[in-house]
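Structure below; questions to follow.
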Amino acid sequence: MKSKEVIGVHERKRVAIITGASKGLGRLMAIDMVRRGYDVLITGRNEKRLMQVKKECMEIRENSVVSLACDLNELSNLDLIFKCVMKQWGRLDVLINNAAVRYPGTFHSGDYLLWEEMLRVNTLVPCIMMQKALHYFEPDADAQIINISSTSAWRISKGGTFYPATKYALRALSEAVRKELVESGSKVRVTCISPAR
């Protein structure tokens, strides 16, 4: 029986990477995708919470999830994520860039080291992950990249001066990559979603 999925109807099992999957939206997406028949690699910094999400997914379907506790601040971990998914399943169909950090503060009181971390995790890491995923997707694959932005990319709320800038940049990069792929004739789709907090 075919399973309906967020990206279409497919007969063979598909593989996804979800960053920031130890809680919140990332956790919910992991559980939902396992229910829809995906095999999923989940990442997050909190190993205990990540293992709990893995357990929840495995109760739905055994051997459906691999968890990898890692800090995306360490860019060397990005290669590890892709090597892990290829070793486990030998393919990749969907990348969901969900991981993000947010530190409150006004512009005048802001800590530029925290700005740097937000820029790296919220913007640079998804950008690198997109580039790497395009090398791992099968040629002519019906693959998809989903970037989780924020309504902060559209409207600036009080107390979060720098975070909206990182999400605005992610939104712009998503559109730029989407257009580049369309122009090259690629079937890979790029979606940017802006959930409200």
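The values are calculated or read from the model by the stated rules, or taken from the named source; none is laboratory data. All of these numbers come straight from a predicted model, not from anything done at the bench. Ideal geometry is used to build each Cβ from the backbone, glycine not excepted, and the neighbour counts take in all protein chains shown. Note: areas computed on protein heavy atoms with side chains; ligands, DNA, RNA excluded. Shrake-Rupley method; radii C 1.70, N 1.55, O 1.52, S 1.80 Å.
What number of residues in segment 155-179 are within 20 Å of the chain's Cα centre (by Cα) and open to solvent by 60 Å² or more (accessible area, probe 1.4 Å)?
The qualifying residues number 5.
Here's a follow-up. Identify the residue in segment 23-59 that is in a helix (DSSP H, G or I) and basic (Lys, Arg) and, among all such residues, is least open to solvent (accessible area, probe 1.4 Å).
The extreme case among them is Lys54.
Turning to a different aspect of this structure: Is it fair to say Ile128 is farther than 23 Å from Leu75 by Cα, among the aliphatic types (A, V, I, L, M) and open to solvent by 30 Å² or more (accessible area, probe 1.4 Å)?
For Ile128, the condition - farther than 23 Å from Leu75 by Cα, among the aliphatic types (A, V, I, L, M) and open to solvent by 30 Å² or more (accessible area, probe 1.4 Å) - is not met.
Mind checking whether some residue in segment 94-101 is of a type outside the set (Val, Ile, Thr) and open to solvent by 40 Å² or more (accessible area, probe 1.4 Å)?
Taking every residue of segment 94-101 in turn, at least one turns out to be of a type outside the set (Val, Ile, Thr) and open to solvent by 40 Å² or more (accessible area, probe 1.4 Å).
Residues that are crowded, with 16+ Cβ neighbours inside 10 Å, more than 16 Å from Tyr136 (Cβ to Cβ) and at pLDDT below 95: does segment 7-16 have at least one?
Yes, the conditions are met somewhere in segment 7-16.
Quick check, is Thr106 polar (S, T, N, Q) and surrounded by 17 or more Cβ atoms within 10 Å (Cβ to Cβ)?
Spelling it out, it is not the case that Thr106 is polar (S, T, N, Q) and surrounded by 17 or more Cβ atoms within 10 Å (Cβ to Cβ).
Sticking with this structure for a sec: Quickly run through segment 44-75 and pick out the residues that are within 30 Å of Glu116 (Cα to Cα) and touching an Asp or Glu at 6+ places or on another chain (Cβ under 7 Å).
Once the filter is applied, which keeps residues that are within 30 Å of Glu116 (Cα to Cα) and touching an Asp or Glu at 6+ places or on another chain (Cβ under 7 Å), segment 44-75 yields Arg45, Ala69, Asn73.
Related question: Suppose we filter Val101, Val125 for residues that are among the hydrophobic types (A, V, I, L, M, F, W, C) and touching an Asp or Glu at 6+ places or on another chain (Cβ under 7 Å); which single one remains?
Criteria check complete, one pass: Val101.
Moving on. Which residue is least open to solvent (accessible area, probe 1.4 Å), if the candidates are limited to segment 60-74 and must be farther than 21 Å from Val121 by Cα and out of contact with any Leu (no Cβ under 9 Å at 6 or more places or on another chain)?
Among residues in segment 60-74 that are farther than 21 Å from Val121 by Cα and out of contact with any Leu (no Cβ under 9 Å at 6 or more places or on another chain), the one least open to solvent (accessible area, probe 1.4 Å) is Ser64.
Can you name every residue in segment 81-93 that is in contact with a strand residue (DSSP E or B) (Cβ under 7 Å, 6 or more places away or on another chain) and either under 29 Å from Glu117 (Cβ atoms) or open to solvent by 60 Å² or more (accessible area, probe 1.4 Å) (or both)?
If the condition is that a residue be in contact with a strand residue (DSSP E or B) (Cβ under 7 Å, 6 or more places away or on another chain) and either under 29 Å from Glu117 (Cβ atoms) or open to solvent by 60 Å² or more (accessible area, probe 1.4 Å) (or both), then Ile81, Cys84, Val85, Gln88, Leu92 are the ones that fit.
So which residues in segment 177-196 are within 14 Å of Asp142 (Cα to Cα), in a helix (DSSP H, G or I) and among the β-branched types (Val, Ile, Thr)?
Within segment 177-196, just Val182 meets the criteria.
Looking only at segment 76-134, count every residue that is charged (D, E, K, R), part of a helix (DSSP H, G or I) and in contact (Cβ under 8 Å) with a residue 40 or more places away in the chain and tell me the total.
Going through segment 76-134 one residue at a time, the tally reaches 4.
Would you check which residues across segment 138-154 are open to solvent by 60 Å² or more (accessible area, probe 1.4 Å) and outside any loop (DSSP other than H, G, I, E, B) and list them?
The answer is none; no residue qualifies.
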